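Here is the structure we will look at.
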Amino acid sequence: MKTKDIKVCIIRAAGTSCDAETARAFQELGVQTEIKHINELVTNSNLLNYNLLVLPGGCTFGDHVRPGAVFAKYLNKKLGKQITQYTDENRPILGISNGFQTLIEYGLLPGFNDNNQQPEITLTTNIPNGFKCQWVYLKNENKGNCSFTNQLPKDKILKMPIAHSEGRLLLHAEKEKQLLQKLADNDMIVLRYCNRDGTPANQTYPINPNGTYHDIAGICNKEGTILGLMPHPERAMHWWQEPDWTDKTHTTPYSDGKLIFENIINNITTKQ
Amino acid sequence: MSSNLYMQSAKVDNVLEVALARATPVELVEISNKLALGLSLDEMKTVQAYFKSENRNPSDVELQTISQTWSEHCCHKTFKGNILFDGKEINSLFKTYIAKVTKEINAPWCFNVFEDNAGIVKFDKGFGIAAKVETHNHPSAVDPFGGAANGIGGVVRDILGVWADPIACTGVSCFGPLNFDYNKLFLGVKHPRYLYRNIAAGLSFYSNNLGVPIVNGATCFDESYTGNVVACCGCFGLLPLDKYLKNAKAGDYIVMAGGKTGRDGIHGVTFASAELTKKSEETSNPAVQTSDPIAEEKLKRAIIIIRDLQLASAITDLGGGGLSSAVGETAERYHCGATVELSKVPVKYSGLAPWEIYISESQERQLFAVPPEHLDAALAVFKQEEVEATAIGQLTSERRLKIKYQTVTVADVDMTFLFNIIASTKQATLSPPMLTEPELAEPADLTNTLIQLLGMPNIASKESVAQTYDYEVKGNTVLKPFQGKYAGPNDAAVLKPLHNSWKGLAISCGINPNYGKIDPYWMAASSIDEAIRNNIAVGGRRIALLDNFIWGNPEKPERLGSLVRACQACYDIAKAYRTPFISGKDSLYNESPMGPVTPTLIITALGIVPDIRSTISMNLKTPENLLYLLGNTYPELGGSEYYKLNGHIGLSVPKLQPHRARKNYYNLTKAIGYGMVKSCHDLSDGGLAVAAAEMAFASNIGLTLDLKAIPNKTITRNDFLLFSESNSRLLIEVSPKDRSDFEALMKNGCTLIGETTKTEKLQIHGLHNNIIIDAPLTKLRDAWKKTLAEA
């Protein structure tokens, strides 16, 4: 499939705020990008027309109940059948920040159990408590399963900003070790917060900015087709978005966030 | 109590008829008080005469409409009225100083100033930038979280009110000291620490949910804000200028969209136009509205679509005065009258009286004029974005405001009468401050003094607050609030609003509350200079200004006198710098039993960065570069943080020589354009020593300075040179290879005073060749960071 034929759908609802910059990032890579309100998708679109679905950042439905909870239910109720069909075909979905929270609430991540069961993994309030916007370092810990990072070297360090108040991955307390093992065995751990030199954050604040379990910032499903991450790659697309660009003499045109978008686009061009 | 003055209307429930015709002057005042009209006896007499001429008594809807339209908040009586000062009569402060300077500068890039909800300047590729800054002080004093949240909500709707898409917000707040003694708080006054936390939380909540970054601001502490907190929110928006449609006419529908109307926010404007009292919380809690940022987000999406499809002929926000202001001002602006059916307004619950519906300030609502042929299409857009929208009336050619409730007329007022606001005449005086210059001995350990200064609340790092705002959302933030590996404070924010243009927007602010205690003229001048030099420091040019006056009760001649002086400074300084005012707002009556606020002028500056790739940040870049000081240093420590540290205010307030400063700024802008400037930082609170420390510890690059190099004829003391707050000064880092070019360009405005080093220390040599400051950067940084880290 040619890059220019790839169709990306960025799904928005009331309270979505990062749709425009996410669309801009994909457009920069030469793919067709549409921003669709969920109501528009319900009335006259088919998700199967798209090669990549993106749930961008924001505070859908005011983060009421839990961030992503209402949007996930809404998606399930209005577009559930199409989404099942879409994911059954192993087509890719990207959830950024509130999009990640939505994928977790929906049950698409980690995707261990069907939707009726109690979730074993959740994203909850930061420790320390409160909203935090800052730049972080992330290490690609995926061994090649995730179709959003499989072309990056393992241990590649990426720099991106976070901005959230509920980004702490919390595993079911009694099954913590088992679940972590399961994530690792299936190569579902994608990004972890780390120091500038790549050494693990080891739960040290603010290197690990929210107290997330095992420093995890992003995970994918078993199939590697669905990625959710708390950091914002679309805010790290261009060099001038980096916080220290004025310190540098030589700057490359793009920044680390692009690698993730590029990676999935490359995979779509070769696979489909 | 003359209860027989009020009669239930025979035709419709919940409407009172007020027997104004036969009311005595005492009863007129009583009516104004009982209905919370906030009208003076003279104004009540004018209203009485009008209804006598109409041969009938008014309804409460009519009286409330008049009260809202004539309130200080809506029509700015003080700024537009007459003032007797210094033996002269000033005919409108606004026209005499603020609007006048803008008119005289006559900048071709000013697209729309003062007339609409926000000022608009031209930007690039057919786009303009809209800007507005508002205060939300009284509501924030009663309910800091809600008040601050609605501060953002309201100013964003002002930007939407000129068809612009909000791209950034700012927040300036002023509090009493965080360690204020609880026992000294007056009844009804909330503790500064509570206000500090909750105002930040309110700003963060609303802007983050809405998805608009807060990129710049300031936090100040002063005793005078203890009883009168200041919450000031700004918003900037982007609009295609050819879509700026404002051409409503008779026959267009009046459409109201957004949230439902409730009893929240009743009498917000009358509340804002009076002093706070210990009862404010119980009497005025309905005046603070509940906020719903997601409702505003939906409204915003719908507005942008309607703008792009050009479906509406006018738009305005429902802010102070609610429907009464929005409908009245829209009709007045297009020389129309209006009919409104209040029972069509969607309400939160039943039982609202018509007058309550008409003046409620419930949030997240916007008013549109829609030509009949576009009504269906416009309503369809609202529906798709899940926004409730209703046509509630029409503009008419007859110049009367006719309000109905369930088809019964409850108001019918002549538009000319309604908008013929009587200019008041107020007395103003100004006496010199009862202050003296302190006699201080020069401290033996100046390193220690600097460490103490860095920890002073007005100087200390505000990073812990800035990080609770999503300053990165929209992905356009080029220069962020904090800079460098160790987060030094940038002077301004820079945004890149357009994908296909390198042109940037620099946003900065200036505020000097302490100087206002000495001299309101120089306070205002200093705030303007600070906002401008912050903008210049990052590479901003073609600067436009926004003013926010925060003053005490203008009925008191002393308060008004200082306001006049500040306005005079606005004219003089803006004229000299050729920086027009494009929008502004006054917040008066900031007075509580604990006293008035110190006269405070918040200036927001909006500059253009021709190419964001040449943006300058504040942290030192490499060792062995040269450090220059731009501008002159005088023994100006009155109102300084250094005097404050020693328990004094003083008299020697920083003055300003704008013509000389303008030349220096012009040359600096050129040097930035030529790529000679590696870093640049303005000197403000704490003077030279603080600015130098901040530049150094932001990236852990050392600095040695020599005070002897500073050109100066009058200062013989190290502490004065280190901590003077003279205006128009900046520190500039230049590479040695550019030395001669830079010096030639800057002429005599700049002096080489030191160089950057590899040792991670700040070392300053004093006037007598000795080292007077010698401190590891980590120690300075820690002092600067710890004060507010966990406040």
* Is one or more of the residues making up the range B:458-467 within 14 Å of another protein chain (Cβ to nearest Cβ), open to solvent by 40 Å² or more (accessible area, probe 1.4 Å) and of a type in the set (Gly, Ala, Ser)? -> yes
* **Scope the range B:595-611; condition crowded, with 23+ Cβ neighbours inside 10 Å and in a loop (DSSP other than H, G, I, E, B); matching residues** => B:VAL597, B:THR598, B:PRO599
* Pick from the range B:15-49 the residues that are touching a Leu at 6+ places or on another chain (Cβ under 8 Å) and polar (S, T, N, Q): which of them is nearest to B:PRO354 (Cα to Cα)? -> B:SER32
* Structure fact -> Restricted to the range A:38-61 and to residues being at the interface with chain B (Cβ under 9 Å from one of its Cβ atoms) and at pLDDT 95 or above, the residue surrounded by the fewest Cβ atoms within 10 Å (Cβ to Cβ) is A:PHE61
* Asked: Condition test on A:THR16, is it without any contact (Cβ under 8 Å) to a residue 60 or more places away in the chain and crowded, with 24+ Cβ neighbours inside 10 Å?
  -> no
* Report, ordered by the first and then the second residue, all pairs with beta carbons closer than 6 Å, sequence separation of six or more or different chains, a first member in the range B:464-486 that is touching a residue at least 40 places away in the same chain (Cβ under 8 Å), and a second member that is assigned to a strand (DSSP E or B) and open to solvent by 20 Å² or more (accessible area, probe 1.4 Å). => none
* **Checklist (1) away from chain A (no Cβ under 14 Å); (2) buried (at least 16 other Cβ atoms within 10 Å of the Cβ); (3) not basic (Lys, Arg) applied to B:GLN483, failing item** => (1)
* **Pair list, Cβ < 6 Å and 6+ apart or interchain, from the range B:176-200 residues that are more than 23 Å from B:ILE214 (Cα to Cα) and in contact (Cβ under 8 Å) with a residue 24 or more places away in the chain to residues that are outside any helix (DSSP H, G or I) and open to solvent by 30 Å² or more (accessible area, probe 1.4 Å)** => B:PHE186/B:PRO593; B:PHE186/B:MET594; B:LEU187/B:LYS278; B:GLY188/B:LYS278
* Structure fact -> Considering only helices (runs of 4 or more DSSP H) wholly within the range A:9-113, the ones with at least 2 residues that are among the charged types (D, E, K, R) are A:19-28, A:69-88
* Asked: Considering the range A:214-262 alone, what residues qualify as being over 13 Å from the mean Cα position of the chain (by Cα), of a type outside the set (S, T, N, Q) and outside any helix (DSSP H, G or I)?
  -> A:LYS222, A:GLU223, A:MET237, A:HIS238, A:GLU242, A:PRO243, A:ASP244, A:LYS248, A:HIS250, A:PRO253, A:TYR254, A:ASP256
* Asked: Can you tell which of B:LEU245, B:LEU239 is surrounded by fewer than 24 Cβ atoms within 10 Å (Cβ to Cβ), farther than 24 Å from B:GLY176 by Cβ and touching a residue at least 40 places away in the same chain (Cβ under 8 Å)?
  -> B:LEU245
* Does the range A:159-170 contain at least one residue that is within 14 Å of another protein chain (Cβ to nearest Cβ), open to solvent by 10 Å² or more (accessible area, probe 1.4 Å) and not in a strand (DSSP E or B)? -> yes
* Pairs under 8 Å by beta carbon, first residue touching a residue at least 24 places away in the same chain (Cβ under 8 Å) and more than 14 Å from chain A (Cβ to nearest Cβ) in the range B:296-316, partner charged (D, E, K, R) and surrounded by 24 or more Cβ atoms within 10 Å (Cβ to Cβ), six or more apart or different chains? -> B:SER313/B:ASP252; B:ALA314/B:ASP252
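The rows are residues; the columns are (1) within 14 Å of chain B (Cβ to nearest Cβ); (2) closer than 21 Å to B:PHE482 by Cβ; (3) of a type in the set (D, E, K, R).
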residue: A:ASN202; (1), (2), (3): no, no, no
residue: A:GLU234; (1), (2), (3): yes, no, yes
residue: A:THR246; (1), (2), (3): yes, yes, no
residue: A:GLY257; (1), (2), (3): yes, yes, no
residue: A:ASN266; (1), (2), (3): no, no, no
residue: A:THR270; (1), (2), (3): no, no, no
* Where a residue in the range B:491-507 is farther than 28 Å from B:GLU463 by Cβ and in contact (Cβ under 8 Å) with a residue 60 or more places away in the chain and its partner, wherever it lies, is among the β-branched types (Val, Ile, Thr) and surrounded by fewer than 24 Cβ atoms within 10 Å (Cβ to Cβ), with Cβ under 7 Å and at least six apart -> B:TRP502/B:ILE612; B:LYS503/B:ILE608
* Take the residues of the range B:544-574 that are outside any loop (DSSP other than H, G, I, E, B) and touching a Lys or Arg at 6+ places or on another chain (Cβ under 9 Å): which is nearest to B:CYS110 (Cα to Cα)? -> B:LEU546
* Can you pull out the residues in the range B:443-482 that are in a strand (DSSP E or B) and closer than 21 Å to A:MET230 by Cα? -> B:THR477
* Which ones in the range B:678-708 are open to solvent by 10 Å² or more (accessible area, probe 1.4 Å), under 24 Å from B:PRO654 (Cβ atoms) and more than 29 Å from the chain's Cα centre (by Cα)? -> B:ASP706, B:LYS708
* Asked: Residue check, B:PRO711 against (1) open to solvent by 40 Å² or more (accessible area, probe 1.4 Å); (2) more than 28 Å from B:ARG662 (Cα to Cα), all met but one. Which one?
  -> (2)
* Among all residue pairs at least 6 apart or on different chains, which show Cβ distances below 8 Å where the first residue, located in the range A:221-232, is closer than 18 Å to A:ARG91 by Cβ and the second is open to solvent by less than 10 Å² (accessible area, probe 1.4 Å) and of a type in the set (Ser, Thr, Tyr)? -> A:GLY224/A:SER147; A:THR225/A:SER147; A:LEU227/A:SER147; A:LEU227/A:THR149
* Structure fact -> With criteria (1) open to solvent by 30 Å² or more (accessible area, probe 1.4 Å); (2) under 30 Å from B:MET695 (Cβ atoms); (3) away from chain A (no Cβ under 14 Å), B:SER614 comes up short on (3)
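The values are calculated or read from the model by the stated rules, or taken from the named source; none is laboratory data. As the structure is a computational prediction, the values presented were derived from the model and not from experiment. Cβ: placed from backbone, ideal geometry, glycine included. Neighbour counts: every protein chain shown. These accessible areas exclude ligands, DNA and RNA; they are computed on the full protein's heavy atoms, side chains included. Shrake-Rupley method; radii C 1.70, N 1.55, O 1.52, S 1.80 Å.
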